[in-house]
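Asks: Got a structure for you, written out below as structure tokens; questions coming shortly.
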Number of protein chains: 2
Amino acid sequence: MLSLLPVVGLPLIRKGDPLADLIVDCFSNTGGFRSGDILVVAQKVVSKAEGRVVRLEDVEPSEEALELAHASLKDPRLVELILRESREVVRVRPGLIVVEDVRGFICANAGIDRSNIEQHGEGEEVALLPLDPDASASDLRDRIKRVAQTAVAVVINDSHGRAFRDGTVGVAIGLAGLPALSDRRGDTDLTSYELQHTVIGIADEIAAAASLLMGPANEGIPAVVVRGLKLPVSEASAREIQRPRKLDLFR
Amino acid sequence: MLSLLPVVGLPLIRKGDPLADLIVDCFSNTGGFRSGDILVVAQKVVSKAEGRVVRLEDVEPSEEALELAHASLKDPRLVELILRESREVVRVRPGLIVVEDVRGFICANAGIDRSNIEQHGEGEEVALLPLDPDASASDLRDRIKRVAQTAVAVVINDSHGRAFRDGTVGVAIGLAGLPALSDRRGDTDLTSYELQHTVIGIADEIAAAASLLMGPANEGIPAVVVRGLKLPVSEASAREIQRPRKLDLFR
């Protein structure tokens, strides 16, 4: 049996807030962490705690951003931020800019979105992805170990679109203490046929499962604890999930 | 809180086996179904119960299959089946054939794989996807309602690769009694900013979550019950998840 437990009662997170401490505190009302738990945290609150928030009125769009804003029908200031957060623009259509972001992820809008950011007066703010989501996950893991005296794994998730399927699903953009992929090639199945090509996106499946409890705004419940999954402790990186360019058949 | 409960003790499924009855029987040891439960069943056992199993030695590869087998380094008889189950070959590289299958899904090998099929003497067998996975899910749902007197939703899941990310994840290929997508466009978030582009692949997230308990062979635990997710009853189809060709940016 697997349990997904929401961390309830977190306040709206602002820059500098001690996110790990707040999560430990709120989750103590649900019995607290146990060894082997996997904490999944929505990217948005990690970004906000890390101050990765930009006021659009402070952004000066470049020529390139103005052109791309025209093609995508997006706010030029938002497009400027998308370009700064990207290595390459992969696809553009009205309403959508798909990029390879600076972390290597293929995603819409470099992971920047506008929902659930508080508006201060006229100045609209957006949240960028954490600079290094694996490092963010490691920091959360280390801090929880100190505060709660418990070894948990941490996944930072975001909602990504897919190339061929509608609807966003939770994926892992940062992780600490668990594998990114579960490579079962060479294992045998029940009838002893050697399994082939069975590398499971285990961290992404965990991210998707937690996303079921998070909802679209990702802030009512921005943290979920997955309990009951036996995984080895690992020093993996979410970047392992990104397919290398030379094996990419669809770009 | 969300619970994922494995249905344990299912026998190896063969053609004609009463899958719904067997699931109800096995799950009664875990307390049985409750109204609102979502039953996720691995494609492989549905296919086997429906007799969607083919002996490779009975397959005569066409010229086209022989050529594609050469390019993909796959068994020509398997390639013949992949072609019969497909509308279009989308990408080929050694070890991989990505197709649009007859159901409209973009997937590797038209969903055909070789693991966990019993080998009878020298004759190796493979399982094709159910002809109409939504209908298969509906049948399971109706039968469970009769046998267990409980209204459950049903998802048939399979493991799919992704365009840009390594590792397979569980996705919904058939469903009954729940939405395929959760369209939250127009809802407002905590700070009253109107959410945009927020169509959630809810059935896929459920499929991925259940996949965490199924393991790669998909037969040790081929059925998982998801409990605690409040979703409206819906007559949706898993085909709604497939992005229409005209909106496909990557083919």
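Asks: Each label point is 7 Å from the Cα along the Cα-to-Cβ direction; what then is the distance between the points at residue B:96 and residue A:14, in nm?
Replies: Each label point is offset 7 Å from its Cα along the Cβ direction, giving 4.7 nm.
Asks: Within 10 Å of each Cβ in peptide A:1-9, how many partner chain Cβ atoms are there on average? Round it to a whole number, please.
Replies: The mean count of partner-chain Cβ atoms within 10 Å per residue comes to 4.
Asks: Note the full-extension length gain between residue A:3 and residue A:55 as 0.36 nm times their separation in residues minus their Cα-Cα distance, in nm to one decimal.
Replies: My answer for the length gained is 14.9 nm.
Asks: Considering all alpha-carbon pairs of the protein assembly as shown, what whole percent are spaced by more than 33 angstrom?
Replies: When all Cα pairs of the protein assembly as shown are counted, 38 percent exceed 33 Å.
Asks: Ordered shortest first, which distances in nm separate the 7 Å Cα→C-beta label point of residue B:12 from those of the other copies?
Replies: Output for residue B:12: 5.9 nm, nearest copy listed first.
Asks: Give me the one-decimal nm value for the distance between modelled label points at residue B:135 and residue A:151, 7 Å along each residue's Cα-to-Cβ direction.
Replies: My value for the distance between the label points is 5.2 nm.
Asks: Is any residue of region A:207-247 close enough, with backbone N under 18 Å, to a label point placed 7 angstrom from the Cα of residue A:87 along the Cα-Cβ axis, and if so, which?
Replies: Those under the cut-off are A:237-247.
Asks: Oh, and also: What nm distances, shortest first, do you get from the label point of residue A:249 to those in the other copies when the point sits 7 angstrom along Cα to Cβ?
Replies: Label-point distances to the other copies, shortest first: 2.1 nm.
Asks: Restricting things to alpha carbons, find the Rg to Rh ratio for region A:53-127 using the Kirkwood radius for Rh. Provide the component values of the computation, followed by the final result.
Replies: On the way: Rg = 11.7 Å, Rh = 12.3 Å.
With Rg and the Kirkwood Rh in hand, the quotient comes to 0.95.
Asks: Continuing with the same structure: Under the convention of a label 7 Å out along Cα→Cβ, give the distances in nm from residue B:51 to the same position in every other copy, shortest first.
Replies: 6.9
Asks: Can you tell me which lysines have their Cα less than 29 Å from the Cα of residue B:74? Leave out same-chain residues fewer than eight positions away.
Replies: Residue B:74 reaches A:246, B:15, B:44, B:48.
Asks: Per DSSP H run of n ≥ 4, the term is -39500 (n - 2.57); total these for chain A, divide by its residue number, and report the mean residue ellipticity at 222 nm rounded to 500 deg cm²/dmol.
Replies: Only helices count here, giving -7500 deg cm²/dmol.
Asks: Using all alpha carbons of chain A, what is the percent of pairwise distances in each 10 Å bin, ordered from the shortest bin to the longest?
Replies: 7, 30, 34, 20, 8, 1, 0
Asks: Now, a different point. Could you sort the peptides B:89-96, B:147-154 by per-residue average Cβ neighbour count (10 Å cutoff), highest mean leading?
Replies: B:147-154, B:89-96
Asks: Here's a follow-up. Nearest 0.05, what FRET efficiency do residue B:142 and residue B:248 give at R0 = 41 Å with Cβ-Cβ as r? Please report the intermediate quantities before stating the final value.
Replies: On the way: r = 34 Å, r/R0 = 0.82.
The value I calculate is 0.75.
Asks: Right, here's the next one. How crowded by other chains is B:166-176, given as the mean number of beta carbons from other chains within 10 Å of each beta carbon? Show your work: numbers first, answer last.
Replies: On the way: counts 13, 17, 10, 11, 6, 4, 2, 0, 0, 0, 0.
Mean inter-chain Cβ contacts per residue within 10 Å come to 6.
Asks: Once the principal axes of the Cα atoms of region B:1-121 are found, what is the range along each, listed largest first in whole angstroms?
Replies: Reported extents, whole Å, longest axis first: 53, 38, 20.
Asks: Averaged across the residues of B:236-248, what count of C-beta atoms belonging to other chains lies within 10 Å of each residue's C-beta? Display every interim value, and only then the final one.
Replies: Details: counts 0, 0, 1, 0, 3, 5, 3, 7, 1, 1, 0, 3, 2.
Mean inter-chain Cβ contacts per residue within 10 Å come to 2.
Each reported figure results from applying straightforward, stated rules to the coordinates on display, with no laboratory input. From a predicted model like this one, the values you see are computed outputs, not experimental measurements. Every residue, glycine among them, receives a Cβ derived from its backbone with ideal geometry; neighbour counts consider all protein chains shown.
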